[in-house]
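Okay, so here's the structure we're looking at.
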Amino acid sequence: PSVFALLNQQKPNLKTGMFYDWDWLGTFVNKKYISKEKYTTGFKTVTPLAIDFIKTSKPAFTFIYYGHPDEVGHEMGFNTKAYYSAINEVDSEIGRIIEALKEAEMYEKTTLIIVSDHGGIEFGHGGESMVELEVPFIISGPGIKKNVVLEKSNDLINIAPTIAGILGLTPPHEWTGRRIQEAFMSKIKSTASIK
């Protein structure tokens, strides 16, 4: 089950959104559990869709995906000037999302998680080198430790249980990940006023 399915089962009145520019992602979730789901082409078209949804629906959970760095990595090489420029461009889009959260008076209550699904080497990925496996993990929001580098090893499978903890959801038995407790000031509690 996805975070979307969990929210739908445990807190069905809450709004959720998914906005992305890689069509394949749409095959990984059951869209009937998502309040608003939209695939679009081009990373700069993702942001206005997400912003509109955030401002009008005040969602409990929104997934936003930008494929731009991956596309540039495959075309021009990972760990190149062009690749890092693409990351910088996506950073600007994230800045627009943050401004929208502030305008919607949601920023102080929102936890942001920024993560990549993989690194890259030359023009590809999928191997076992650290430059392919090691990715950034950034988390910010209420109850999150500030300016801390997490010392314990982490894995992408830990993202969903961490989100579930933040939203006050009970993770399903099938999930193998763990909550990233080290990032929090105290035991994970639901930070949103979700009933």
### Message
Looking at segment 33-46, I want the residues that are touching a residue at least 24 places away in the same chain (Cβ under 8 Å) and have a partner that is in a helix (DSSP H, G or I) and surrounded by fewer than 18 Cβ atoms within 10 Å (Cβ to Cβ) with Cβ atoms under 6 Å, at least 6 apart or on another chain. Which pairs are those?
### Response
Tyr33/Ala5
### Identity of the residue in segment 1-46, over 26 Å from Arg96 (Cα atoms) and among the charged types (D, E, K, R), that ends up most open to solvent (accessible area, probe 1.4 Å)
Lys32
#### Entry: 1 or more residues polar (S, T, N, Q): qualifying helices (runs of 4 or more DSSP H) within segment 72-182
81-103, 159-166
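To keep it simple, each residue is scored yes or no on (1) open to solvent by less than 70 Å² (accessible area, probe 1.4 Å); (2) basic (Lys, Arg); (3) under 17 Å from the mean Cα position of the chain (by Cα); (4) more than 26 Å from Lys58 (Cα to Cα).
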| residue | (1), (2), (3), (4) |
| --- | --- |
| Lys102 | no, yes, no, no |
| Gly120 | yes, no, no, yes |
| Lys145 | no, yes, no, no |
| Val148 | no, no, no, yes |
| Gly165 | yes, no, yes, no |
| Trp175 | yes, no, no, yes |
### Filtered residues of segment 59-71 (kept if assigned to a helix (DSSP H, G or I) and open to solvent by less than 70 Å² (accessible area, probe 1.4 Å))
His68, Pro69, Asp70
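The values are calculated or read from the model by the stated rules, or taken from the named source; none is laboratory data. Note that the coordinates shown come from a computational prediction; the quantities given were computed from them, not determined experimentally. All Cβ positions, even for glycine, are placed from backbone atoms using ideal geometry, and neighbour counts span all protein chains on display. Please note that ligands, DNA and RNA were not included when accessible areas were found on the heavy atoms of the full protein model with its side chains. Shrake-Rupley method; radii C 1.70, N 1.55, O 1.52, S 1.80 Å.
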